Amino acid sequence: MHVTTSGRYGLRVMLDLALNSTQGPVSRQDIAARQDISAEYIAQLIKPLAKADLVKTVMGPGGGYRLGREPGQIPVGDIIRALEGPIAAVYCVIPDGALRCDRAKSCTAHLL
């Protein structure tokens, strides 16, 4: 599996939120400055992360972003799946995937 730029940058954004959210919501501009990622790209990354309830947006003065759960309750796989889609060692186990295998019940790789 190859993690794309959005996956890598999304992980950086999420780690930045985890490390800097003790004082309240973290602004997009602050994340951009610390992580050397454009604020516009961060806004694009936040959309699927928020849809997956991994990030919450706080509107208004002093607003920004905060984690949707406690940091220890957010697996890296959830972040990657939110940004890149399903992850599977073999194609036949991708949820709602179009490809199915007739050997799924007896295949040892299917268990992975």
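Name the residues in region 12-54 that are of a type outside the set (G, A, S) and either under 11 Å from A82 (Cα atoms) or in contact with a Ser or Thr (Cβ under 7 Å, 6 or more places away or on another chain) (or both), would you? Within region 12-54, L45, I46, K47, P48, L49, K51, D53, L54 meet the criteria. Scan region 1-17 for residues that are over 13 Å from the mean Cα position of the chain (by Cα) and touching a residue at least 40 places away in the same chain (Cβ under 8 Å) and the total you get is 1. Contact map, region 72-84: first residue without any contact (Cβ under 8 Å) to a residue 40 or more places away in the chain and assigned to a helix (DSSP H, G or I), second residue surrounded by fewer than 20 Cβ atoms within 10 Å (Cβ to Cβ) and of a type in the set (A, V, I, L, M), Cβ cut-off under 8 Å, separation 6 or more or different chains; pairs are G77/I87; D78/A52; R81/A52; R81/I87.
Just one of the listed residues (R34, R69) is touching an Asp or Glu at 6+ places or on another chain (Cβ under 8 Å), of a type in the set (K, R), surrounded by fewer than 15 Cβ atoms within 10 Å (Cβ to Cβ) and in a helix (DSSP H, G or I), namely R34.
Out of the residues in region 75-112 that are among the charged types (D, E, K, R) and modelled with pLDDT under 70, which is surrounded by the most Cβ atoms within 10 Å (Cβ to Cβ)? In this case the residue turns out to be R100. Taken together, the criteria exclude I42 from residues that are closer than 30 Å to C107 by Cα and either assigned to a helix (DSSP H, G or I) or touching a residue at least 60 places away in the same chain (Cβ under 8 Å) (or both).
The values are calculated or read from the model by the stated rules, or taken from the named source; none is laboratory data. Values in this document were obtained by computation on a predicted structure and should not be read as measured data. Please note: Cβ atoms are built from the backbone with ideal geometry, for glycine as well, and neighbour counts cover all protein chains shown.
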